[in-house]
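A short reminder: the numbers here are calculations on the coordinates, not readings from a lab. The shown structure was predicted, so the numbers you read here are calculated from the model rather than taken from an experiment. Glycine gets a Cβ as well: all are built from the backbone with ideal geometry, and neighbour counts include every protein chain shown.
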């Protein structure tokens, strides 16, 4: 056995010990959060296949992050911050390679007969309409609304996850809400 | 439209609790009908919650055990690559030193090489050749370093 082999074996043995939690804790944490993170990634990327890939990457980076978490909320916020950054990077890459992004399992598009029809009709049409409206928002607006109303995060938590100033959250959330409501046809 | 409303948190709570307009008390319902801020809150919360419930319901996520296992495999692979990178650097430097040593031996023993060197030294453009020699010597150092950096990045 060469020196290289010994170094490699030692590194391999130490690798799993660098994770922030053990298997049992990780599996419980994953089971509690994976579905929510996947839904968040679907909304941010607009694509299920991308969300599948980014979900695994999110949890891997979370495990490898050398961070001390005070509690479950702190851990969860770290997870969503990683997911946000990965979705942002993926979006930047997709801007360079738009063909790759448009293919695959994109989330539903609104039928051509327009918003009015979709709002009135079947749950599928309504869902497609809502999805389309969300898709028309800026990625940051989508993330803010999702974290606030789907995940119940506070303004401070959202600011931390998205890397924004807490003081700017209220007006930003107000504008995002206003835009979504306008896209949904709510008359203020 | 004002940016705030005193009933906003009440509307938000009702919307987050999933209360339908008919379940709201008459005063709040009447307020939402006339207040832009609260109408936006109710519409946005309702839309996001609908999408959340449906998206979560259709999620097919990998088993936690599989994710843990794949993470371990990847961590081990990356650790092995990291552990090997200094050894790779030593190998590249050793290769460059070996090549330099072989070149030096060739230069010291080859009569044709030495006569070529003498011709270069007596040539009118000798100073320029000196610069060329220095450039080649620098390249001998730069190429292994560049190779090491490229391998490290991969």
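When A:53, A:70, B:63 are arranged by Cβ crowding within 10 Å, least crowded first, meaning fewest neighbours, the order is A:70, B:63, A:53. Within the range B:70-110, all pairs of alpha-carbon atoms sorted by distance into 5 Å bins from zero give the percentages 5, 21, 13, 13, 11, 9, 9, 6, 6, 4, 2, 1. Could you work out how far helix B:111-122 tilts from the main Cα principal axis of chain B, as a 0 to 90 degree angle to the nearest 10? It is inclined by approximately 80 degrees. Three principal axis extents of chain B based on alpha-carbon atoms, in descending order, are 107, 45, 21 Å.
Given R0 = 41 Å, the distance between the Cβ atoms of residue B:49 and residue B:73 translates into a calculated FRET efficiency of 0.60. Could you calculate the FRET efficiency of residue B:93 with residue A:53 from 1/(1 + (r/R0)^6), where r is the beta carbon distance between them and R0 is 30 Å, rounded to 0.05? The value I calculate is 0.20.
Relative intensity of the range B:94-145 on a log10 scale, I(q)/I(0) at q = 0.25 Å⁻¹, equals -1.03, per a Debye sum over C-alpha point scatterers of equal strength in the absence of solvent.
Distance between the pseudo-spin-label points of residue A:85 and residue B:7 (7 Å out from Cα toward the beta carbon): 4.3 nm.
Under a Gaussian network description of chain B, with springs only between Cα atoms under 10 Å, the residue in B:78, B:58, B:27 that fluctuates furthest is B:27. Highest-first packing order for the peptide set A:153-159, B:116-122, A:71-77 is A:153-159, A:71-77, B:116-122, based on the mean count of other beta carbon atoms within 10 Å. The mean count of C-beta atoms from other chains within 10 Å of the C-beta of residues in B:103-109, rounded to a whole number, is 0. In chain B, the calculated helix contribution to ellipticity at 222 nm averages -28500 deg cm²/dmol per residue, counting -39,500 (n - 2.57) for every DSSP H run with n ≥ 4.
Computed from the C-beta positions of residue B:141 and residue A:92 and an R0 of 41 Å, the FRET efficiency is 0.70 to the nearest 0.05.
Relative contact order of chain B, taken over Cα pairs closer than 8 Å and 6 or more residues apart, is 19 percent.
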